[in-house]
Amino acid sequence: MTNWNNLDTLKSYQELKNVKHINLVEAMSGAKGAERVGKYSVPMAAGLTYNYASKEVDDDVLKALAALADEAQLTEKYQALYEGEVINTGEKRMVLHHLTRGQLGKDVIADGVNKREFYVNEQKRIAEFANKVHSGEIANAKGEKFTTVVQIGIGGSDLGPRAMYLALENWAKKHDTFKMEAKFISNVDPDDATAVLNSIDVAHSLFILVSKSGTTLETLTNQSFVMDALKKAGLDASKHMIAVTSETSPLAHSDDFITAFYMDDYIGGRYSSTSGVGGAVLSLAFGPEVFADFLDGAAAEDKLSTNKDALKNPAMLDALIGFYERNVLGYPCTAVLPYSQALSRFPAHLQQLDMESNGKSVNRFGEPIDYVTGPVIFGEPGTNGQHSFYQLLHQGTDIVPLQFIGFRNNQCENDVDIQGSTSQQKLCANVAAQIVAFACGKSDENKNKNFEGGRPSSIIIGDQLDPKALGALLAHFENKVMFQGFIWNINSFDQEGVQLGKTLAKKVLAHETEGALAEYSKLLNI
(Lines give C-alpha, C1' and ligand atoms only; values in the text may rest on other atoms or scores of the structure.)
Protein backbone atom coordinates (compact mmCIF):
# COMPACT_ATOMS: atom_id res chain seq x y z
CA MET A 1 0.00 0.00 0.00
CA THR A 2 1.22 3.49 -0.85
CA ASN A 3 1.47 5.84 2.12
CA TRP A 4 1.34 9.59 1.61
CA ASN A 5 3.09 10.93 4.70
CA ASN A 6 4.66 14.30 5.44
CA LEU A 7 8.44 14.49 5.25
CA ASP A 8 8.86 15.28 8.94
CA THR A 9 7.14 12.03 9.94
CA LEU A 10 9.71 9.87 8.14
CA LYS A 11 12.24 8.09 10.35
CA SER A 12 14.81 8.19 7.56
CA TYR A 13 14.58 12.00 7.43
CA GLN A 14 15.47 12.29 11.10
CA GLU A 15 18.37 9.87 10.57
CA LEU A 16 19.57 11.81 7.53
CA LYS A 17 19.83 14.99 9.59
CA ASN A 18 22.26 13.20 11.92
CA VAL A 19 24.63 12.09 9.14
CA LYS A 20 27.93 14.00 9.23
CA HIS A 21 28.24 16.71 6.58
CA ILE A 22 31.22 16.53 4.27
CA ASN A 23 33.86 19.21 3.71
CA LEU A 24 33.53 19.78 -0.03
CA VAL A 25 36.83 21.69 -0.32
CA GLU A 26 38.72 18.73 1.14
CA ALA A 27 36.68 16.14 -0.76
CA MET A 28 37.30 17.77 -4.16
CA SER A 29 40.98 18.62 -3.72
CA GLY A 30 43.84 16.59 -5.20
CA ALA A 31 43.59 12.85 -5.82
CA LYS A 32 40.41 12.53 -3.76
CA GLY A 33 38.65 14.95 -6.09
CA ALA A 34 39.79 13.04 -9.17
CA GLU A 35 38.50 9.81 -7.64
CA ARG A 36 35.11 11.36 -6.92
CA VAL A 37 34.71 12.56 -10.52
CA GLY A 38 35.06 8.99 -11.71
CA LYS A 39 32.95 7.48 -8.92
CA TYR A 40 29.93 9.75 -8.53
CA SER A 41 28.39 9.48 -11.96
CA VAL A 42 25.29 7.75 -13.35
CA PRO A 43 24.23 7.22 -17.00
CA MET A 44 21.15 8.95 -18.39
CA ALA A 45 19.31 8.28 -21.64
CA ALA A 46 20.52 9.43 -25.09
CA GLY A 47 24.18 9.25 -24.11
CA LEU A 48 23.91 11.84 -21.31
CA THR A 49 25.58 11.45 -17.91
CA TYR A 50 24.65 12.93 -14.55
CA ASN A 51 27.83 13.65 -12.58
CA TYR A 52 27.44 14.74 -8.96
CA ALA A 53 31.06 14.52 -7.74
CA SER A 54 31.01 18.17 -6.66
CA LYS A 55 27.87 17.82 -4.55
CA GLU A 56 28.06 17.75 -0.75
CA VAL A 57 27.49 14.01 -0.53
CA ASP A 58 29.53 10.92 0.27
CA ASP A 59 28.68 7.25 0.65
CA ASP A 60 27.11 7.80 4.09
CA VAL A 61 24.87 10.62 2.87
CA LEU A 62 23.92 8.65 -0.25
CA LYS A 63 23.03 5.60 1.84
CA ALA A 64 20.75 7.74 4.01
CA LEU A 65 19.15 9.35 0.94
CA ALA A 66 18.48 5.92 -0.59
CA ALA A 67 16.83 4.85 2.67
CA LEU A 68 14.59 7.91 2.52
CA ALA A 69 13.67 7.13 -1.10
CA ASP A 70 12.55 3.68 0.02
CA GLU A 71 10.59 4.90 3.03
CA ALA A 72 8.95 7.66 0.98
CA GLN A 73 8.04 5.02 -1.64
CA LEU A 74 9.21 7.18 -4.55
CA THR A 75 9.23 4.33 -7.06
CA GLU A 76 5.78 3.14 -6.01
CA LYS A 77 4.35 6.66 -6.27
CA TYR A 78 5.82 7.10 -9.73
CA GLN A 79 4.18 3.84 -10.79
CA ALA A 80 0.87 4.96 -9.29
CA LEU A 81 1.16 8.15 -11.36
CA TYR A 82 1.92 6.57 -14.72
CA GLU A 83 -0.73 3.86 -14.20
CA GLY A 84 -3.45 6.44 -13.77
CA GLU A 85 -4.12 6.93 -10.07
CA VAL A 86 -5.46 10.36 -9.10
CA ILE A 87 -2.20 12.08 -8.11
CA ASN A 88 -3.35 15.68 -8.69
CA THR A 89 -5.41 15.84 -5.49
CA GLY A 90 -6.16 19.58 -5.79
CA GLU A 91 -8.02 19.15 -9.08
CA LYS A 92 -8.84 15.46 -8.57
CA ARG A 93 -7.13 14.43 -11.80
CA MET A 94 -4.73 11.85 -13.11
CA VAL A 95 -1.28 13.03 -14.27
CA LEU A 96 -0.52 11.53 -17.68
CA HIS A 97 2.19 13.50 -19.48
CA HIS A 98 4.44 10.41 -19.49
CA LEU A 99 1.90 8.67 -21.73
CA THR A 100 2.55 11.19 -24.51
CA ARG A 101 5.95 9.58 -25.11
CA GLY A 102 5.49 5.95 -24.06
CA GLN A 103 3.69 3.49 -21.82
CA LEU A 104 5.50 2.29 -18.70
CA GLY A 105 2.72 0.24 -17.13
CA LYS A 106 -0.80 -0.97 -17.62
CA ASP A 107 -3.36 0.69 -19.88
CA VAL A 108 -4.88 3.89 -18.53
CA ILE A 109 -8.55 4.26 -19.39
CA ALA A 110 -10.38 7.54 -18.72
CA ASP A 111 -13.89 8.41 -19.87
CA GLY A 112 -13.89 5.14 -21.80
CA VAL A 113 -10.78 6.14 -23.77
CA ASN A 114 -7.35 4.47 -23.80
CA LYS A 115 -5.24 7.55 -23.10
CA ARG A 116 -2.02 6.30 -24.70
CA GLU A 117 -3.97 5.58 -27.90
CA PHE A 118 -5.57 9.03 -27.69
CA TYR A 119 -2.20 10.80 -27.44
CA VAL A 120 -0.67 8.71 -30.24
CA ASN A 121 -3.65 9.41 -32.49
CA GLU A 122 -3.30 13.16 -31.96
CA GLN A 123 0.42 12.89 -32.74
CA LYS A 124 -0.45 11.13 -36.00
CA ARG A 125 -2.99 13.82 -36.89
CA ILE A 126 -0.40 16.52 -36.20
CA ALA A 127 2.23 14.68 -38.28
CA GLU A 128 -0.17 14.34 -41.23
CA PHE A 129 -1.09 18.01 -41.01
CA ALA A 130 2.56 19.11 -40.80
CA ASN A 131 3.49 17.01 -43.81
CA LYS A 132 0.64 18.55 -45.82
CA VAL A 133 1.79 22.05 -44.87
CA HIS A 134 5.38 21.23 -45.85
CA SER A 135 4.28 19.77 -49.20
CA GLY A 136 2.03 22.73 -49.96
CA GLU A 137 -1.17 20.66 -49.92
CA ILE A 138 -2.33 22.95 -47.12
CA ALA A 139 -1.42 26.48 -48.21
CA ASN A 140 -2.58 30.08 -48.07
CA ALA A 141 -5.39 31.56 -50.17
CA LYS A 142 -3.07 32.00 -53.16
CA GLY A 143 -1.87 28.41 -52.95
CA GLU A 144 1.53 29.51 -51.66
CA LYS A 145 3.37 27.62 -48.93
CA PHE A 146 3.37 28.77 -45.34
CA THR A 147 6.92 29.65 -44.32
CA THR A 148 6.44 30.75 -40.70
CA VAL A 149 4.54 29.28 -37.76
CA VAL A 150 3.54 31.48 -34.81
CA GLN A 151 2.47 29.96 -31.49
CA ILE A 152 0.04 32.03 -29.41
CA GLY A 153 -0.04 30.90 -25.78
CA ILE A 154 1.24 31.71 -22.33
CA GLY A 155 2.87 29.86 -19.44
CA GLY A 156 3.35 26.21 -20.36
CA SER A 157 1.96 26.91 -23.82
CA ASP A 158 4.93 29.19 -24.44
CA LEU A 159 7.91 28.59 -22.14
CA GLY A 160 8.45 24.89 -22.84
CA PRO A 161 7.74 24.89 -26.60
CA ARG A 162 9.79 28.06 -27.08
CA ALA A 163 12.75 26.61 -25.15
CA MET A 164 12.55 23.35 -27.14
CA TYR A 165 12.35 25.19 -30.47
CA LEU A 166 15.38 27.34 -29.70
CA ALA A 167 17.25 24.27 -28.46
CA LEU A 168 16.88 22.50 -31.81
CA GLU A 169 16.80 25.38 -34.30
CA ASN A 170 20.51 25.31 -35.19
CA TRP A 171 20.66 21.51 -35.05
CA ALA A 172 17.78 21.30 -37.54
CA LYS A 173 19.41 23.78 -39.91
CA LYS A 174 22.65 21.81 -39.83
CA HIS A 175 20.86 18.50 -40.48
CA ASP A 176 18.52 19.82 -43.22
CA THR A 177 15.35 19.28 -41.20
CA PHE A 178 14.49 22.97 -40.74
CA LYS A 179 11.07 23.43 -42.34
CA MET A 180 9.56 26.65 -40.98
CA GLU A 181 10.71 29.47 -38.76
CA ALA A 182 8.78 29.62 -35.49
CA LYS A 183 7.80 32.72 -33.54
CA PHE A 184 5.96 33.01 -30.22
CA ILE A 185 3.45 35.50 -28.88
CA SER A 186 2.77 35.15 -25.15
CA ASN A 187 2.61 38.43 -23.26
CA VAL A 188 -0.67 40.39 -23.24
CA ASP A 189 1.54 43.48 -23.65
CA PRO A 190 0.54 44.65 -27.16
CA ASP A 191 4.18 45.35 -27.97
CA ASP A 192 4.86 41.60 -27.92
CA ALA A 193 2.30 40.76 -30.62
CA THR A 194 3.17 43.89 -32.57
CA ALA A 195 6.88 43.06 -32.66
CA VAL A 196 6.23 39.51 -33.87
CA LEU A 197 3.69 40.60 -36.49
CA ASN A 198 6.09 43.28 -37.76
CA SER A 199 8.84 40.66 -38.15
CA ILE A 200 6.86 38.22 -40.34
CA ASP A 201 4.99 38.04 -43.63
CA VAL A 202 1.47 37.35 -42.32
CA ALA A 203 0.31 36.12 -45.74
CA HIS A 204 2.70 33.18 -45.43
CA SER A 205 2.25 32.60 -41.69
CA LEU A 206 0.32 29.89 -39.89
CA PHE A 207 -0.81 30.65 -36.33
CA ILE A 208 -1.32 28.09 -33.54
CA LEU A 209 -3.67 29.17 -30.77
CA VAL A 210 -2.95 27.11 -27.64
CA SER A 211 -5.43 27.15 -24.77
CA LYS A 212 -6.69 24.04 -23.00
CA SER A 213 -9.80 25.76 -21.64
CA GLY A 214 -10.29 28.10 -24.58
CA THR A 215 -10.82 30.91 -22.08
CA THR A 216 -7.28 32.11 -21.21
CA LEU A 217 -7.53 35.92 -21.19
CA GLU A 218 -4.03 36.71 -22.49
CA THR A 219 -4.23 34.12 -25.27
CA LEU A 220 -7.69 35.12 -26.49
CA THR A 221 -6.64 38.78 -26.43
CA ASN A 222 -3.63 37.97 -28.59
CA GLN A 223 -5.81 35.86 -30.88
CA SER A 224 -7.98 38.93 -31.49
CA PHE A 225 -4.84 41.00 -32.05
CA VAL A 226 -3.62 38.57 -34.71
CA MET A 227 -7.04 38.19 -36.36
CA ASP A 228 -7.25 41.97 -36.63
CA ALA A 229 -3.82 42.08 -38.29
CA LEU A 230 -4.85 39.37 -40.78
CA LYS A 231 -8.10 41.18 -41.57
CA LYS A 232 -6.23 44.46 -42.18
CA ALA A 233 -3.96 42.56 -44.60
CA GLY A 234 -7.03 41.40 -46.50
CA LEU A 235 -6.66 37.81 -45.36
CA ASP A 236 -9.20 35.28 -44.06
CA ALA A 237 -7.99 34.54 -40.52
CA SER A 238 -9.74 31.15 -40.46
CA LYS A 239 -7.41 29.99 -43.25
CA HIS A 240 -4.32 30.91 -41.23
CA MET A 241 -5.08 29.53 -37.76
CA ILE A 242 -5.21 26.17 -36.02
CA ALA A 243 -6.00 25.42 -32.38
CA VAL A 244 -4.55 23.12 -29.75
CA THR A 245 -7.21 22.79 -27.09
CA SER A 246 -9.46 20.37 -25.23
CA GLU A 247 -12.33 18.64 -26.98
CA THR A 248 -14.83 20.46 -24.74
CA SER A 249 -13.44 23.99 -25.17
CA PRO A 250 -15.24 26.63 -27.28
CA LEU A 251 -12.26 26.54 -29.67
CA ALA A 252 -12.62 22.84 -30.48
CA HIS A 253 -15.19 23.06 -33.26
CA SER A 254 -14.95 26.72 -34.17
CA ASP A 255 -15.07 27.95 -37.75
CA ASP A 256 -12.21 30.31 -36.86
CA PHE A 257 -9.65 27.53 -37.42
CA ILE A 258 -8.45 25.25 -40.21
CA THR A 259 -8.51 22.40 -37.69
CA ALA A 260 -7.99 21.66 -34.00
CA PHE A 261 -5.75 19.19 -32.20
CA TYR A 262 -6.72 17.96 -28.79
CA MET A 263 -5.23 17.68 -25.34
CA ASP A 264 -6.94 16.89 -22.05
CA ASP A 265 -7.07 17.90 -18.41
CA TYR A 266 -4.57 15.21 -17.38
CA ILE A 267 -1.53 17.12 -18.68
CA GLY A 268 -0.60 20.38 -16.98
CA GLY A 269 0.76 23.24 -19.08
CA ARG A 270 4.30 23.06 -17.71
CA TYR A 271 4.40 19.33 -18.52
CA SER A 272 2.92 19.71 -22.01
CA SER A 273 5.96 20.08 -24.29
CA THR A 274 5.64 16.43 -25.35
CA SER A 275 1.89 16.79 -26.00
CA GLY A 276 0.23 18.60 -28.88
CA VAL A 277 1.21 21.88 -27.20
CA GLY A 278 4.83 21.28 -28.20
CA GLY A 279 4.08 18.72 -30.90
CA ALA A 280 2.30 21.02 -33.33
CA VAL A 281 4.87 23.81 -33.41
CA LEU A 282 7.91 21.50 -33.32
CA SER A 283 6.51 19.20 -36.04
CA LEU A 284 5.77 22.19 -38.26
CA ALA A 285 9.17 23.76 -37.59
CA PHE A 286 11.37 20.67 -37.89
CA GLY A 287 9.23 17.83 -39.21
CA PRO A 288 7.35 15.04 -37.38
CA GLU A 289 10.40 12.74 -37.41
CA VAL A 290 12.41 15.18 -35.28
CA PHE A 291 9.54 15.47 -32.80
CA ALA A 292 9.33 11.65 -32.68
CA ASP A 293 13.05 11.46 -31.79
CA PHE A 294 12.47 14.06 -29.07
CA LEU A 295 9.71 11.86 -27.64
CA ASP A 296 11.96 8.78 -27.81
CA GLY A 297 14.62 10.52 -25.73
CA ALA A 298 12.05 11.48 -23.12
CA ALA A 299 10.58 7.97 -23.04
CA ALA A 300 14.01 6.41 -22.49
CA GLU A 301 14.67 8.77 -19.57
CA ASP A 302 11.23 7.99 -18.11
CA LYS A 303 12.14 4.30 -18.14
CA LEU A 304 15.36 4.95 -16.22
CA SER A 305 13.27 6.76 -13.61
CA THR A 306 11.50 3.50 -12.75
CA ASN A 307 14.70 2.02 -11.27
CA LYS A 308 14.14 1.37 -7.57
CA ASP A 309 17.86 1.74 -6.87
CA ALA A 310 18.13 5.48 -6.24
CA LEU A 311 21.86 5.50 -6.98
CA LYS A 312 21.22 4.20 -10.50
CA ASN A 313 18.19 6.42 -11.14
CA PRO A 314 19.51 9.82 -12.33
CA ALA A 315 16.31 11.85 -11.87
CA MET A 316 15.60 10.37 -8.44
CA LEU A 317 19.19 10.89 -7.33
CA ASP A 318 19.16 14.49 -8.55
CA ALA A 319 15.87 15.01 -6.67
CA LEU A 320 17.23 13.50 -3.47
CA ILE A 321 20.41 15.59 -3.53
CA GLY A 322 18.39 18.73 -4.25
CA PHE A 323 16.06 17.91 -1.35
CA TYR A 324 19.09 17.35 0.90
CA GLU A 325 20.48 20.76 -0.06
CA ARG A 326 17.12 22.42 0.61
CA ASN A 327 15.94 20.68 3.77
CA VAL A 328 19.13 19.62 5.53
CA LEU A 329 21.79 22.06 4.35
CA GLY A 330 19.31 24.94 4.17
CA TYR A 331 20.11 26.37 0.73
CA PRO A 332 17.22 28.48 -0.65
CA CYS A 333 18.03 28.64 -4.38
CA THR A 334 19.30 26.55 -7.27
CA ALA A 335 20.96 27.96 -10.40
CA VAL A 336 20.65 26.13 -13.73
CA LEU A 337 23.65 26.93 -15.91
CA PRO A 338 23.62 25.43 -19.43
CA TYR A 339 26.90 25.93 -21.29
CA SER A 340 25.03 25.82 -24.57
CA GLN A 341 23.52 28.86 -26.28
CA ALA A 342 20.83 26.57 -27.69
CA LEU A 343 19.51 26.16 -24.13
CA SER A 344 19.24 29.92 -23.57
CA ARG A 345 15.56 29.68 -22.58
CA PHE A 346 15.77 26.32 -20.80
CA PRO A 347 16.28 27.91 -17.35
CA ALA A 348 13.12 30.01 -17.89
CA HIS A 349 11.17 26.83 -18.62
CA LEU A 350 12.62 25.15 -15.54
CA GLN A 351 11.60 28.16 -13.44
CA GLN A 352 7.98 27.43 -14.26
CA LEU A 353 8.35 23.66 -14.12
CA ASP A 354 9.93 23.68 -10.66
CA MET A 355 8.50 26.75 -8.94
CA GLU A 356 4.92 26.38 -10.17
CA SER A 357 4.99 22.69 -9.25
CA ASN A 358 6.70 22.74 -5.86
CA GLY A 359 6.16 26.27 -4.59
CA LYS A 360 3.63 24.97 -2.07
CA SER A 361 3.09 25.42 1.68
CA VAL A 362 0.37 22.81 2.19
CA ASN A 363 0.55 19.07 1.64
CA ARG A 364 -1.40 17.16 -0.99
CA PHE A 365 -4.39 17.03 1.38
CA GLY A 366 -4.45 20.82 1.87
CA GLU A 367 -2.89 20.76 5.34
CA PRO A 368 -0.13 23.26 6.31
CA ILE A 369 3.38 21.81 6.48
CA ASP A 370 6.22 22.78 8.77
CA TYR A 371 9.23 22.41 6.46
CA VAL A 372 10.56 24.18 3.38
CA THR A 373 9.70 23.00 -0.12
CA GLY A 374 10.76 24.10 -3.60
CA PRO A 375 13.79 26.36 -4.09
CA VAL A 376 13.97 29.53 -6.14
CA ILE A 377 15.24 28.61 -9.62
CA PHE A 378 17.20 30.96 -11.88
CA GLY A 379 19.88 30.71 -14.53
CA GLU A 380 21.56 31.88 -17.71
CA PRO A 381 23.65 30.17 -20.35
CA GLY A 382 27.43 30.11 -19.89
CA THR A 383 29.69 31.84 -20.36
CA ASN A 384 27.33 34.85 -20.25
CA GLY A 385 26.34 34.17 -16.65
CA GLN A 386 29.97 34.27 -15.55
CA HIS A 387 29.95 37.97 -16.39
CA SER A 388 26.64 38.54 -14.65
CA PHE A 389 25.83 36.87 -11.31
CA TYR A 390 28.73 34.46 -10.71
CA GLN A 391 30.29 37.06 -8.42
CA LEU A 392 27.52 36.37 -5.89
CA LEU A 393 27.74 32.62 -6.49
CA HIS A 394 31.48 32.62 -5.71
CA GLN A 395 31.75 35.15 -2.89
CA GLY A 396 28.23 36.00 -1.74
CA THR A 397 26.87 35.25 1.73
CA ASP A 398 24.42 32.61 0.46
CA ILE A 399 25.54 29.28 -0.96
CA VAL A 400 23.60 28.50 -4.14
CA PRO A 401 23.72 24.91 -5.47
CA LEU A 402 24.47 24.79 -9.19
CA GLN A 403 23.33 22.54 -12.01
CA PHE A 404 25.61 22.77 -15.03
CA ILE A 405 24.74 21.32 -18.43
CA GLY A 406 27.45 20.89 -21.06
CA PHE A 407 28.18 19.22 -24.39
CA ARG A 408 31.49 18.13 -25.89
CA ASN A 409 30.48 19.24 -29.39
CA ASN A 410 28.51 22.21 -30.71
CA GLN A 411 25.41 21.85 -32.88
CA CYS A 412 26.52 23.77 -35.97
CA GLU A 413 29.84 21.90 -36.20
CA ASN A 414 31.47 25.18 -37.14
CA ASP A 415 34.42 26.49 -35.15
CA VAL A 416 37.75 28.28 -35.32
CA ASP A 417 41.09 27.67 -33.62
CA ILE A 418 42.31 30.76 -31.79
CA GLN A 419 45.43 30.80 -29.60
CA GLY A 420 45.72 27.02 -29.66
CA SER A 421 42.13 26.06 -28.84
CA THR A 422 38.70 26.14 -30.48
CA SER A 423 35.72 28.12 -29.20
CA GLN A 424 34.07 24.87 -28.09
CA GLN A 425 37.17 23.88 -26.15
CA LYS A 426 37.16 27.29 -24.47
CA LEU A 427 33.49 26.83 -23.57
CA CYS A 428 34.12 23.39 -22.07
CA ALA A 429 37.24 24.62 -20.28
CA ASN A 430 35.13 27.24 -18.56
CA VAL A 431 32.63 24.62 -17.35
CA ALA A 432 35.36 22.45 -15.86
CA ALA A 433 37.10 25.44 -14.31
CA GLN A 434 33.91 26.78 -12.72
CA ILE A 435 32.99 23.42 -11.14
CA VAL A 436 36.39 23.14 -9.45
CA ALA A 437 36.56 26.83 -8.56
CA PHE A 438 33.17 26.68 -6.85
CA ALA A 439 34.06 23.48 -4.99
CA CYS A 440 37.66 24.17 -3.97
CA GLY A 441 37.94 27.95 -3.88
CA LYS A 442 41.30 29.73 -3.48
CA SER A 443 42.92 31.07 -0.34
CA ASP A 444 44.29 34.60 -0.36
CA GLU A 445 45.46 36.86 2.44
CA ASN A 446 43.62 39.66 0.70
CA LYS A 447 40.08 38.79 1.83
CA ASN A 448 38.62 40.57 -1.17
CA LYS A 449 40.36 37.98 -3.36
CA ASN A 450 39.67 35.00 -1.12
CA PHE A 451 37.36 32.26 -2.36
CA GLU A 452 36.07 30.01 0.41
CA GLY A 453 34.82 27.31 -1.98
CA GLY A 454 32.38 24.71 -0.71
CA ARG A 455 29.86 25.70 -3.40
CA PRO A 456 28.20 22.45 -4.59
CA SER A 457 27.41 21.66 -8.21
CA SER A 458 26.45 18.85 -10.56
CA ILE A 459 26.76 18.58 -14.33
CA ILE A 460 24.81 16.79 -17.03
CA ILE A 461 27.21 16.02 -19.88
CA GLY A 462 26.53 14.85 -23.42
CA ASP A 463 28.22 14.66 -26.81
CA GLN A 464 25.84 17.00 -28.65
CA LEU A 465 22.42 18.51 -28.06
CA ASP A 466 20.17 16.68 -30.52
CA PRO A 467 16.42 15.82 -30.35
CA LYS A 468 16.86 12.64 -28.29
CA ALA A 469 19.26 14.33 -25.85
CA LEU A 470 16.85 17.24 -25.47
CA GLY A 471 13.96 14.87 -24.77
CA ALA A 472 16.02 13.04 -22.15
CA LEU A 473 17.07 16.33 -20.56
CA LEU A 474 13.48 17.56 -20.36
CA ALA A 475 12.19 14.29 -18.88
CA HIS A 476 15.04 14.25 -16.34
CA PHE A 477 13.98 17.58 -14.88
CA GLU A 478 10.26 16.79 -15.06
CA ASN A 479 10.87 13.59 -13.11
CA LYS A 480 13.22 15.30 -10.67
CA VAL A 481 10.48 17.81 -9.81
CA MET A 482 7.94 15.00 -9.49
CA PHE A 483 10.14 13.00 -7.10
CA GLN A 484 10.78 16.06 -4.95
CA GLY A 485 7.05 16.69 -4.74
CA PHE A 486 6.61 13.12 -3.52
CA ILE A 487 9.31 13.64 -0.87
CA TRP A 488 7.63 16.81 0.40
CA ASN A 489 4.17 15.18 0.16
CA ILE A 490 2.84 18.10 -1.87
CA ASN A 491 0.78 18.24 -5.05
CA SER A 492 3.19 19.17 -7.85
CA PHE A 493 0.43 19.26 -10.45
CA ASP A 494 -1.86 22.18 -9.62
CA GLN A 495 -1.12 25.91 -9.45
CA GLU A 496 -3.62 27.77 -7.30
CA GLY A 497 -1.05 30.51 -6.75
CA VAL A 498 -1.61 31.62 -10.34
CA GLN A 499 -5.33 32.26 -9.84
CA LEU A 500 -5.69 35.14 -7.35
CA GLY A 501 -3.99 37.75 -9.53
CA LYS A 502 -6.11 36.70 -12.52
CA THR A 503 -9.31 37.11 -10.48
CA LEU A 504 -8.35 40.57 -9.25
CA ALA A 505 -7.31 41.66 -12.76
CA LYS A 506 -10.80 40.81 -14.02
CA LYS A 507 -12.27 42.99 -11.26
CA VAL A 508 -10.03 45.85 -12.30
CA LEU A 509 -11.11 45.56 -15.93
CA ALA A 510 -14.77 45.45 -14.84
CA HIS A 511 -14.16 48.53 -12.62
CA GLU A 512 -15.26 46.59 -9.55
CA THR A 513 -12.50 47.84 -7.28
CA GLU A 514 -12.08 49.49 -3.92
CA GLY A 515 -9.31 50.43 -1.51
CA ALA A 516 -5.74 49.97 -2.65
CA LEU A 517 -6.80 48.12 -5.81
CA ALA A 518 -8.87 51.12 -6.89
CA GLU A 519 -5.99 53.52 -6.26
CA TYR A 520 -3.48 51.40 -8.20
CA SER A 521 -6.01 51.23 -11.05
CA LYS A 522 -6.10 55.04 -11.13
CA LEU A 523 -2.30 55.26 -11.10
CA LEU A 524 -2.17 52.96 -14.14
CA ASN A 525 -4.98 54.84 -15.90
CA ILE A 526 -7.24 51.79 -16.20
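The values are calculated or read from the model by the stated rules, or taken from the named source; none is laboratory data. As the structure is a prediction and not an experimental result, all values here were calculated from the model. Here the Cβ positions follow ideal geometry from the backbone for every residue, glycine too, while neighbour counts run over all protein chains shown. In case anyone asks, the SASA skips ligands and DNA or RNA and just uses the protein heavy atoms, side chains included. Shrake-Rupley method; radii C 1.70, N 1.55, O 1.52, S 1.80 Å.
For G269, what charge total do you get from the other residues with a beta carbon under 10 Å from its beta carbon, if Lys and Arg give +1 and Asp and Glu give -1?
On the way: positive: K212, R270; negative: D158, E356.
Once all neighbours under 10 Å are counted, the net charge is 0.
What nm value, rounded to one decimal, do you get for the distance between D255 and A34 when each label is placed 7 Å out toward the C-beta?
Going by the 7 Å Cα→Cβ label model, 7.6 nm.
Quick check: residue separation of Q391 and V372 times 0.36 nm, minus the Cα distance between them. What number comes out in nm? Walk me through the numbers before you get to the answer.
Working: separation 19, 0.36 × 19 = 6.84 nm, distance 2.63 nm.
So the chain would gain 4.2 nm between Q391 and V372.
Based only on the alpha carbon positions, what is the Kirkwood hydrodynamic radius of the chain, in angstrom? Please list the in-between numbers first.
Numbers: mean 1/r = 0.0409 Å⁻¹.
About 24.4 Å, per the Kirkwood formula over Cα pairs.
Keeping all protein chains in place and using 1.4 angstrom, which order do M1, M180 fall into by accessible surface area, from largest down? Can you show the working numbers first?
On the way: M1 190, M180 0 Å².
Ranked list, largest accessible area first: M1, M180.
When only C-alpha pairs under 8 Å and at least 6 residues apart count, what is the relative contact order of the stretch 337-455, in percent? Don't skip to the answer; put the middle values down first.
Values: 127 pairs, mean separation 31.5, N = 119.
The normalised contact order for the stretch 337-455 reaches 26 percent.
Using the basic label-point model (7 angstrom from Cα toward the beta carbon), what is the A110 to K308 distance in nanometres?
2.8
Alpha carbon centre of the stretch 405-431 versus the stretch 47-74: separation in Å?
31
Please grab the % of Cα pairs in the stretch 273-334 that end up more than 15 Å from each other. Mind showing how you got there, number by number?
Numbers: 1183 of 1891 pairs.
When every Cα pair of the stretch 273-334 is considered, 63 percent fall beyond 15 Å.
What percentages, rounded to whole numbers, describe P(r) for the stretch 365-421 computed over all alpha carbon pairs with 5 Å bin width beginning at zero?
Taking all Cα pairs of the stretch 365-421, the binned fractions are 4, 10, 15, 17, 13, 12, 10, 9, 3, 3, 2, 2, 0 percent.
With contacts defined as alpha carbon pairs under 8 Å and 6 or more residues apart, what's the relative contact order of the stretch 217-350 in percent? Show your work: numbers first, answer last.
Numbers: 88 pairs, mean separation 13.9, N = 134.
Once divided by the residue count of the stretch 217-350, the mean separation gives 10 percent.
In what sequence, largest accessible area first, do W171, W488 appear using a 1.4 Å probe? The partial results should precede the final answer.
Numbers: W171 30, W488 0 Å².
In descending accessible area the options line up as W171, W488.
Rg (Å, one decimal) plus Dmax (Å, integer) for the alpha carbons of the stretch 171-294?
Both quantities, over Cα of the stretch 171-294: 14.6, 40 Å.
Quick check of the Kirkwood formula: for the stretch 324-429, what is the inverse mean of 1/r over all pairs of different Cα atoms, in Å?
Numbers: mean 1/r = 0.0629 Å⁻¹.
After inverting the pairwise mean of 1/r, the radius is 15.9 Å.
Can you grab the distance from the C-alpha centre of the stretch 434-464 to the C-alpha centre of the stretch 271-303, Å, no decimals?
What the calculation gives is 36 Å, centre to centre.
Got a sec? What order do V202, V376 fall in by accessible area at 1.4 Å, biggest, i.e. largest, first? Write out the running numbers ahead of the final one.
Values: V202 25, V376 70 Å².
Correct descending sequence by accessible area is V376, V202.
Counting pairs of alpha carbon atoms under 8 Å apart in space and at least six apart in sequence, what relative contact order in percent does the stretch 231-276 give?
Numbers: 56 pairs, mean separation 15.4, N = 46.
Reported relative contact order: 33 percent.
Pop a pseudo-label 7 angstrom from the Cα along the beta-carbon direction at both E519 and K239 and give the gap in nm to one decimal.
Those two pseudo-labels are separated by 5.5 nm.
Please report, in debye to the nearest 20, how large the charge dipole of the stretch 220-364 is about its Cα centre when each Lys and Arg carries +1 at its beta carbon and each Asp and Glu carries -1 there.
Values: 11 positive and 17 negative charges, 83 e Å.
Approximately 400 debye in magnitude.
Below 15 angstrom from the Cβ of V188, what's the summed charge of the other residues (Lys, Arg +1; Asp, Glu -1)?
Charge balance near V188 sits at -4.
Size of the stretch 15-76 along its principal axes in angstrom, Cα-based, largest extent first?
Dimensions of the stretch 15-76 along the principal axes of its Cα atoms: 39, 37, 11 Å.
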